[in-house]
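Asks: Below you'll find the structure I mean.
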Amino acid sequence: MRYEFLIAGLVSETVQAAFPGFNFVKGPAGGTVFHGPVRDLAELRGILCRLDRLGISIVELRQLPE
């Protein structure tokens, strides 16, 4: 499975390094979009937890077609 996350604001290289295997690009309205592979629901929950601990707000989350 692949997921795409739209988050509020731009993120630093340090934050990007916390998500290896994901691609980051500037998103709409000054946000950041990143996407990449997610093996299962447990890994998705871990990513969401990591974003929460970093204080990053998720604007949108969607599963991408294979």
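The values are calculated or read from the model by the stated rules, or taken from the named source; none is laboratory data. All of these numbers come straight from a predicted model, not from anything done at the bench. Cβ atoms come from the backbone with ideal geometry, glycine included; neighbour counts cover every protein chain shown.
Asks: Please verify whether Gly27 is within 12 Å of the chain's Cα centre (by Cα) and without any contact (Cβ under 8 Å) to a residue 24 or more places away in the chain, treating the condition exactly as stated.
Replies: yes
Asks: While we're looking at this one, here's another question. For Glu60, state whether it is touching a residue at least 40 places away in the same chain (Cβ under 8 Å) and exposed (fewer than 10 other Cβ atoms within 10 Å of the Cβ).
Replies: Criteria not met by Glu60.
Asks: Kindly indicate whether Glu13 is farther than 19 Å from Arg2 by Cβ, at pLDDT below 95 and either of a type in the set (D, E, K, R) or touching a Gly at 6+ places or on another chain (Cβ under 7 Å) (or both).
Replies: In short, yes.
Asks: Of all residues in the stretch 23-41, count the ones that are closer than 12 Å to Met1 by Cβ and surrounded by fewer than 11 Cβ atoms within 10 Å (Cβ to Cβ).
Replies: Of the residues in the stretch 23-41, 3 are closer than 12 Å to Met1 by Cβ and surrounded by fewer than 11 Cβ atoms within 10 Å (Cβ to Cβ).
Asks: Filter the stretch 51-66 down to residues that are modelled with pLDDT of 95 or more and of a type in the set (S, T, N, Q), then give me how many there are.
Replies: 1
Asks: State whether one or more residues within the stretch 47-56 are surrounded by 12 or more Cβ atoms within 10 Å (Cβ to Cβ) and on the phi > 0 side of the Ramachandran plot.
Replies: Checked against the condition, which is being surrounded by 12 or more Cβ atoms within 10 Å (Cβ to Cβ) and on the phi > 0 side of the Ramachandran plot, the stretch 47-56 yields no hits at all.
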